[in-house]
Ligand code: KIV
Ligand code: NA
């Protein structure tokens, strides 16, 4: 396999090839996603919701992110692995941010980190990049600030917020980020942002005018089923398929249909 690097992603944008990205938090899932040929795996702090059952991404810890990331790293052969810096591991000062990023790189073997925000986290991004750690930005809906915004609705619909977003995207490019995730903003604005910078913009709920797409794997394979935002396309309905399998197993155990003659020693 030819390994995907941060350089490959910028080249893909230049060549007009769209970038595919999905989340994974564990070995088994990462192995399937990587083998399928995904370009980027994100060890997202959405693990806080999907794996741990928290209501927000706020509670997940750096140690927990490192555990998820190291499990993913053991599975992959080809894709680039990006790991979210969790809430509280980079907001207080650039030194803390660098320490957290270094822990992720050393203890998990990940290839890069992602953090949320623009101007507010500029010094932290600089510090991390200076240490040679590739940084992916994240603008638009930034779930770690959910208590500041109060809702998960579309961002940057108003002129003022759209202007700040455009400035932040330019800033992230200038600082040296290798890509930016743009979450839940109007498609027209997202396309404008993607066209204004040379690093890839990877969208989630940001339309088709960007340089790639990311979804939460558990959502797109339908393991989660209470969550249906407009941007989510479901490729499987695993919730129903798994429920069916579990019901069949229970019934086979109760009726002593399982195990049969061939399934014992
Ligand atoms: O944590 C996550 O899964 C993310 C993606 C939704 C971009 O940040
Ligand atoms: Na995230």
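For region 159-166, does any single residue satisfy the condition of being touching a strand residue (DSSP E or B) at 6+ places or on another chain (Cβ under 8 Å) and closer than 23 Å to residue 214 by Cα?
Yes - at least one qualifying residue is present in region 159-166.
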- Scan region 200-220 and report the pairs whose first residue is under 18 Å from residue 169 (Cβ atoms) and whose second residue is within 16 Å of ligand 2 (Cβ to nearest atom) and assigned to a loop (DSSP other than H, G, I, E, B), with Cβ atoms within less than 6 Å and a gap of 6+ or a chain change. 205/184; 205/231; 206/185
- Filter region 129-163 for residues that are more than 19 Å from residue 45 (Cα to Cα) and surrounded by 15 or more Cβ atoms within 10 Å (Cβ to Cβ); which is nearest to ligand 2 (Cβ to nearest atom)? 155
- Message: Contact list please: Cβ distance under 6 Å, first residue in region 134-157 and without any contact (Cβ under 8 Å) to a residue 40 or more places away in the chain, second residue within 15 Å of ligand 1 (Cβ to nearest atom) and not in a strand (DSSP E or B), pairs at least six apart or on different chains.
- Response: 155/141; 155/184; 155/185; 156/185
- Note on the structure: Within region 112-124, the residues that are crowded, with 16+ Cβ neighbours inside 10 Å and away from ligand 1 (no atom under 16 Å from the Cβ) are 122, 124
- Task: State which residue is surrounded by the most Cβ atoms within 10 Å (Cβ to Cβ) when the search covers only region 170-193 and only residues that are within 18 Å of the chain's Cα centre (by Cα) and away from ligand 2 (no atom under 16 Å from the Cβ).
- Result: 190
- Query: Going by the conditions given, is residue 154 touching a strand residue (DSSP E or B) at 6+ places or on another chain (Cβ under 8 Å) and closer than 29 Å to residue 33 by Cβ?
  - Reply: no
- Message: Tally up the residues in region 144-167 that are away from ligand 1 (no atom under 15 Å from the Cβ) and either under 24 Å from residue 56 (Cα atoms) or in a loop (DSSP other than H, G, I, E, B) (or both), please.
- Response: 11
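Only the coordinates and a few stated rules stand behind these numbers; no lab work does. This is a predicted model, so every value here is computed, not measured. Because the Cβ atoms are built from the backbone with ideal geometry, glycine has one as well, and the counts that use them run over all protein chains shown.
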